[in-house]
Structures are given as C-alpha cells and as structure tokens.
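Input: a single structure, listed below in structure tokens.
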Amino acid sequence: MRALNKWFVVLSLAFVSPLVIAASFDNEFDEKPWAEIDLQLPAFPEKQNLIPFKVGSVTDKQFFIDEKSITVGADEVIRYSLVVVSSAGAQSISFEGMRCLTGERRVYAFGHSDNTWSKARSNKWVKLQGGTNNHHVALFADYFCTVGAVSITKPEDAIRILRYSH
C-alpha cells in the first residue's frame, strides 16, 4: 500500500508540475496594470487658442478645445481644456482626459470666471454614454478615437484632426 501511495504522489507531481510551471511562466509576460501619470493643470484657455469642433446637427451650443492644453501622456490619455458656450453666452470650462482604449473620460478640474481652476470633486473615470449630440461622444468618435484611424500619439495629431475634420 505504501508503494502504491508513492507512485500516486509521483504520478500526481508529473501531471501537476507542467501546469504549475506554465502558470508561473505566463505570469512573467502579463502586462503591467494601467497607471495614470501625475499631471499639472494647464494654463487657463485663451480665446486665440480655441479650436471649434462640431457636435451633432442639433445644438444651440458652441464647443472648443484649447490647443495649448492638449497633451498625450505615456498613459495614453489625451488631456485637453474644453470650453462650451451656450447661445446666451455663458461659458463652461473644464480640464478633462479621455482614454480611447476603454471609452472613458474624466474631469480633472473646472474653470472659473477669474481664470483659475478648481479640482473636480468627483474625478473618477466614467464610461462614455449618449448620442450624437453629446460633445464627449463626438470628441471620442469623430476626433480623438476614431475607429480605423491612426491613434493620436502627440498633441499635433489632435490639433490637426480638430482643425481639418468635419
């Protein structure tokens, strides 16, 4: 009986060992988890640096990206200052990021009338949702993360797309 137990252990190890080795081998090549880079808030947007972009066909607002604020981080996040102007002239200014790979966006800060930033209270990554009249969806689908297009790797790419698309 003792000899039978030894053979059972030897046979078990023969079958388990390759699985254990394969599992540890696979872990060596797993990608590192995504980590967001540290960032600094950009200079406040100035009118002469604003590039307009179109959002859907039915909207009474104007949308702009501050070309001086656009960055593409090593974390593959496109960051930019967004300016939205209502038909009455009211402005909403924010500094945001977009991840093309995951279809998410994040608001880092909001702009104030005295040209200062305040950090957003809820600045978590959220999935993009909405239709064609949603400016975040438009930035994602039509400008920054278009399907089949070369990915944006530097600010100049984003500026060129904003200026010459649509």
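The values are calculated or read from the model by the stated rules, or taken from the named source; none is laboratory data. Just so it is clear, the structure is predicted and the values come from calculations on it, not from any experiment. Heads up, the Cβs are rebuilt from the backbone with ideal geometry, glycines too, and the neighbour counts pull from every protein chain shown.
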Run D66 past the list (1) part of a loop (DSSP other than H, G, I, E, B); (2) within 19 Å of K154 (Cα to Cα) and report the number of the one that doesn't hold.
-> (1)
Test result for R160, of a type in the set (D, E, K, R) and closer than 19 Å to P42 by Cα | no
Checklist (1) touching a helix residue (DSSP H, G or I) at 6+ places or on another chain (Cβ under 9 Å); (2) touching a residue at least 24 places away in the same chain (Cβ under 8 Å) applied to S87, failing item | (1)
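Out of N133, N123, which single residue is farther than 19 Å from F64 by Cα, surrounded by 11 or more Cβ atoms within 10 Å (Cβ to Cβ) and either modelled with pLDDT under 90 or among the β-branched types (V, I, T) (or both)? First the steps, then the outcome.
Numbers: N133 fails: farther than 19 Å from F64 by Cα.
Result: N123 is the single residue among N133, N123 that is farther than 19 Å from F64 by Cα, surrounded by 11 or more Cβ atoms within 10 Å (Cβ to Cβ) and either modelled with pLDDT under 90 or among the β-branched types (V, I, T) (or both).
Conditions tested, residue by residue: (1) in contact with a Pro (Cβ under 6 Å, 6 or more places away or on another chain); (2) closer than 22 Å to R160 by Cα.
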| position | (1), (2) |
| --- | --- |
| T59 | no, no |
| F64 | yes, yes |
| E76 | no, yes |
| Y80 | no, yes |
| V84 | no, yes |
| N115 | no, no |
| H135 | no, yes |
| A138 | no, yes |
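Residues checked against (1) surrounded by 13 or more Cβ atoms within 10 Å (Cβ to Cβ); (2) small (G, A, S):
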{"residue": "S86", "(1), (2)": "no, yes"}
{"residue": "A90", "(1), (2)": "no, yes"}
{"residue": "E96", "(1), (2)": "yes, no"}
{"residue": "C100", "(1), (2)": "yes, no"}
{"residue": "G103", "(1), (2)": "yes, yes"}
{"residue": "Y108", "(1), (2)": "yes, no"}
